[in-house]
Amino acid sequence: MRPVPVRPKGDRILLVDDSPETLEVLERNLADHGFAISKALNASDAMERLRESPADLVITDVRMPGMSGLDLLRHLRENHPDMEVMLITGYATIEGAVEAVKTGAQEYLAKPFTADELLAAVGRALEKLHAARARRAGRSTGQFGLLGGSAGMRRAHEAMERAANTHGPVLLLGERGTGRERAARAIHGAGDRAKAPFLILDGETIPPEEMAFEMARGLASAAAGTLFLGTAEAWSPEALDLLETGHEDDALTARIIASASPDLPSLAARGGCPTHLASLCAWDTILFPPLRERGADILLLAQHYAVEAAQSLGLASPEFSDGLCQALRVYAWPGNVGELRDVIVGAVKSCGGGKLDLPDLPAIVRSSTIGKGTIGRPLAEVEGEYIREVLASVDGNKSRAAEILGIDRKTLREKLKPDAS
């Protein structure tokens, strides 16, 4: 199913200008519309900030001391292709606009401009960005069934495509829930072994004394096909020694694909893991990033699962509230894509159609937005602010707010009194 693009507020915008006054004006005009704003006074500072935290859109002045805005644009096109860039200048020329477009700028805005002109240009740039991400995600889903257009997932898709055209062993690195088993099935299905068996053995489910026997039986059963070994760290040395015959490019020998923790290569490099596990790191390796590092993929996946769930229940495709989008992006997702799918399906069932909002999410996901900017503030002040946010999210329904907060209505009324803090 082709994903439905999400157009949420909360897009991350980096402003770059050597004038603090200009930065202040830009921030004031954009922050009020729900964008997450960061600022840099020059191109070098901007590149450092992007290394620490990615952005969806960079708005940069053209003329700045040191590296110009056009030079910064070239750098971003080469090193951060998954973002859009917009140039602003007080020295607009036709030649400058042509150069900006040729270099890859989505928008070129001449000073002075109104707040409406700024917002319109930002909106156009971000719409193009989200449409491009959705197209990339749709293309990648067509072959491998793994949705996502973030840089990490693009690299994983490219590596999967290469692996599908070979017969050698592959090591899939990633946390639980990042899609390693689905990736193994996709590599098998896209290669010339697609009609042969695909067999799964998980080291965590097999007693140590039976591992070598189960490995030998699995290699025989998956001959000419693929044997997927889950949790490679759990397998015994004796069992993994049997894989040596699977390293040859032989159409009659089972191909081995294994999954392991993303920490395995670093442990091997430091000599911190046994030799039989360290040898796995010499295989063709594909890294699947955790969901918390995949940026806009979170909302893209959420919308995809919401549409699927709604269709299965006979409901209209739901919209996402701003608060829900923010909570989904901030939450750490320790269970990765599997956890996100379960949360969204539960939310769709909870709302029964219409807009998905914060109250439809589990408490642990709703609470992910708590604590942002609260360090150093009195507990009563932070508590009161959160209570008011919850109340606003349910349109002032005190019974619903009390239910979300885990308190009764009487306690809620007490906490809402002016002198309660």
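The values are calculated or read from the model by the stated rules, or taken from the named source; none is laboratory data. Everything numeric here is computed off the predicted structure, so don't read it as measured data. Cβ: placed from backbone, ideal geometry, glycine included. Neighbour counts: every protein chain shown.
Given the conditions (1) over 20 Å from GLU21 (Cβ atoms); (2) surrounded by 15 or more Cβ atoms within 10 Å (Cβ to Cβ); (3) at pLDDT 55 or above, report the number of the one that ALA97 does not fulfil.
With (1) over 20 Å from GLU21 (Cβ atoms); (2) surrounded by 15 or more Cβ atoms within 10 Å (Cβ to Cβ); (3) at pLDDT 55 or above applied to ALA97, the lone miss is (3).
So which pairs qualify, if the first residue must be in segment 216-241 and without any contact (Cβ under 8 Å) to a residue 12 or more places away in the chain, the second must be surrounded by fewer than 19 Cβ atoms within 10 Å (Cβ to Cβ) and part of a helix (DSSP H, G or I), the Cβ gap must be under 9 Å, and the two must be at least 6 apart or on different chains?
Pairs that qualify, where the first residue is without any contact (Cβ under 8 Å) to a residue 12 or more places away in the chain and the partner is surrounded by fewer than 19 Cβ atoms within 10 Å (Cβ to Cβ) and part of a helix (DSSP H, G or I): there are none.
Can you find a residue that is of a type in the set (Asp, Glu), assigned to a helix (DSSP H, G or I), within 26 Å of LEU277 (Cβ to Cβ) and at pLDDT 85 or above anywhere in segment 187-203?
Checking segment 187-203: not a single residue is of a type in the set (Asp, Glu), assigned to a helix (DSSP H, G or I), within 26 Å of LEU277 (Cβ to Cβ) and at pLDDT 85 or above.
Working only within segment 304-339, note down all residues that are surrounded by fewer than 23 Cβ atoms within 10 Å (Cβ to Cβ) and either in contact with a Phe, Trp or Tyr (Cβ under 8 Å, 6 or more places away or on another chain) or over 26 Å from PHE35 (Cα atoms) (or both).
Once the filter is applied, which keeps residues that are surrounded by fewer than 23 Cβ atoms within 10 Å (Cβ to Cβ) and either in contact with a Phe, Trp or Tyr (Cβ under 8 Å, 6 or more places away or on another chain) or over 26 Å from PHE35 (Cα atoms) (or both), segment 304-339 yields GLU308, ALA309, ALA310, GLN311, SER312, LEU313, GLY314, LEU315, ALA316, GLY335, GLY338, GLU339.
For segment 25-57, what are the residues that are among the acidic types (Asp, Glu) and assigned to a helix (DSSP H, G or I)?
Scanning segment 25-57 gives GLU27, ASP45, GLU48, GLU52.
Would you be able to say whether some residue in segment 165-185 is surrounded by fewer than 21 Cβ atoms within 10 Å (Cβ to Cβ) and of a type in the set (A, V, I, L, M, F, W, C)?
For segment 165-185, residues surrounded by fewer than 21 Cβ atoms within 10 Å (Cβ to Cβ) and of a type in the set (A, V, I, L, M, F, W, C): absent.
Quick check, is LEU15 part of a helix (DSSP H, G or I) and crowded, with 17+ Cβ neighbours inside 10 Å?
No.
Could you list all residues from segment 58-71 that are in a helix (DSSP H, G or I) and crowded, with 16+ Cβ neighbours inside 10 Å?
If the condition is that a residue be in a helix (DSSP H, G or I) and crowded, with 16+ Cβ neighbours inside 10 Å, then GLY69, LEU70 are the ones that fit.
Please find, within segment 262-275, the residue that is modelled with the lowest pLDDT out of those that are surrounded by 12 or more Cβ atoms within 10 Å (Cβ to Cβ) and under 17 Å from SER236 (Cβ atoms).
Among those that are surrounded by 12 or more Cβ atoms within 10 Å (Cβ to Cβ) and under 17 Å from SER236 (Cβ atoms), it is CYS273.
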